[in-house]
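Q: Below you will find the structure I want to go over with you.
The values are calculated or read from the model by the stated rules, or taken from the named source; none is laboratory data. These figures come from a predicted structure and were not determined experimentally. Cβ placement follows ideal geometry from the backbone for every residue including glycine, while neighbour counts extend to all protein chains displayed.
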Amino acid sequence: MEFLNLNDLCVVYLEKHDEEPKKDRPCSRSMAEIYKKIFVGQKVNKLEVADIARLVLREFLWCKLEEDQKIFVHFGYDYYMFIGSSEKPPKSIIKKIEKMGLFVEEFESPYLPDPEEESDAQ
């Protein structure tokens, strides 16, 4: 988001099964507030994106975050996050991510819309 100079992302898909987060997994106060208020079409800032990622990875909810074809954040099975952008990030950003213990691979998100399905729907 910083690389693309974006302040927020949009919730474009959401699955939430309960009104309140279940108590069987760790959940901070800010995560619980986001959980209660999140909705499709909502703009979320950088701090909220981090809490949403925690909520998804702890299986409280599932969602897709995107912004105007510039960036997407999709979540998959086994703690995968698919983060893509319209511009290739410089190597310095890749190195910074890898120093955090994360893996960076060039890979297309399996959660992107299928162009054939979109053209069939129109």
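Q: Which residues, taken from segment 3-39, are farther than 17 Å from GLN69 by Cα and either touching a Phe, Trp or Tyr at 6+ places or on another chain (Cβ under 8 Å) or in a strand (DSSP E or B) (or both)?
A: Of everything in segment 3-39, those that are farther than 17 Å from GLN69 by Cα and either touching a Phe, Trp or Tyr at 6+ places or on another chain (Cβ under 8 Å) or in a strand (DSSP E or B) (or both) turn out to be LEU14, GLU15, LYS16, GLU20, PRO21, LYS22, ARG25, CYS27, MET31, TYR35.
Q: Another question, then. Identify the single condition in (1) assigned to a loop (DSSP other than H, G, I, E, B); (2) touching a Gly at 6+ places or on another chain (Cβ under 7 Å) that GLN69 does not satisfy, given that it satisfies every other one.
A: Every listed condition holds for GLN69 apart from (2).
Q: Moving on. Quick one: would you say LEU112 is at pLDDT 90 or above and within 13 Å of the chain's Cα centre (by Cα)? Before you say what the answer is, go through the steps one by one.
A: Working: at pLDDT 90 or above: no; within 13 Å of the chain's Cα centre (by Cα): yes.
Criteria not met by LEU112.
Q: Further question: Is there a residue being assigned to a loop (DSSP other than H, G, I, E, B), touching a residue at least 12 places away in the same chain (Cβ under 8 Å) and exposed (fewer than 12 other Cβ atoms within 10 Å of the Cβ) anywhere in segment 92-104?
A: No, segment 92-104 contains no residue that is assigned to a loop (DSSP other than H, G, I, E, B), touching a residue at least 12 places away in the same chain (Cβ under 8 Å) and exposed (fewer than 12 other Cβ atoms within 10 Å of the Cβ).
Q: For segment 54-74, enumerate the residues that are crowded, with 19+ Cβ neighbours inside 10 Å, touching a Cys at 6+ places or on another chain (Cβ under 8 Å) and within 22 Å of PRO26 (Cα to Cα).
A: Within segment 54-74, LEU55, VAL56, PHE60 meet the criteria.
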